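J.: One structure is given below, represented as structure tokens, and several questions about it will come after.
The values are calculated or read from the model by the stated rules, or taken from the named source; none is laboratory data. In this text the structure is predicted, and so the values were computed from the model without any measurement. All Cβ positions, glycine included, derive from the backbone under ideal geometry; neighbour counts span all protein chains shown.
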């Protein structure tokens, strides 16, 4: 499988510049947020799985492994509700991620119960970072899915 389009093919294009801003915003959260790095990677992986983004699923699976995440936890992200390997805070973040990602599925958005669960584990700054991270990942996933960016070849030389 090959991508339909290389969004970064012309580094001077408006699209490449805009996509670069998405990357810079994500990098800011990943590097500066007090949201635990493990939680960040789980959220990015789960949003990518829900959105069917093979490239980002590849990236965040490999980045999590390279950062020391266990294979059991990585493989169980897709079925996190039926597992015992995630903390209550991680489960709250994963629930928020799923509801924030599935808005277009006819769901009612993020429920008050899910929001309160997340609020019980994260302070306002961490919640803000989590919301931005989920939104950025969803936008990035959509770009990748539209152009059919294939997964499988990513190498985590530089952890994100």
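J.: Report yes if residue 81 is at pLDDT below 95 and farther than 29 Å from residue 157 by Cα, otherwise no.
T.: On the way: at pLDDT below 95: no; farther than 29 Å from residue 157 by Cα: yes.
Considered against the rule, which asks whether it is at pLDDT below 95 and farther than 29 Å from residue 157 by Cα, residue 81 comes out as no.
J.: Further question: Which residue pairs have Cβ atoms under 8 Å apart, sit 6 or more places apart or on different chains, and have a first residue in the stretch 85-110 that is touching a residue at least 24 places away in the same chain (Cβ under 8 Å) and at positive phi and a second that is surrounded by 13 or more Cβ atoms within 10 Å (Cβ to Cβ) and in a loop (DSSP other than H, G, I, E, B)?
T.: Matching pairs, first to second residue: none at all.
J.: Sticking with this one: Given the conditions (1) surrounded by 18 or more Cβ atoms within 10 Å (Cβ to Cβ); (2) touching a helix residue (DSSP H, G or I) at 6+ places or on another chain (Cβ under 6 Å); (3) over 28 Å from residue 7 (Cβ atoms), report the number of the one that residue 38 does not fulfil.
T.: If we test residue 38 against (1) surrounded by 18 or more Cβ atoms within 10 Å (Cβ to Cβ); (2) touching a helix residue (DSSP H, G or I) at 6+ places or on another chain (Cβ under 6 Å); (3) over 28 Å from residue 7 (Cβ atoms), just (2) comes out false.
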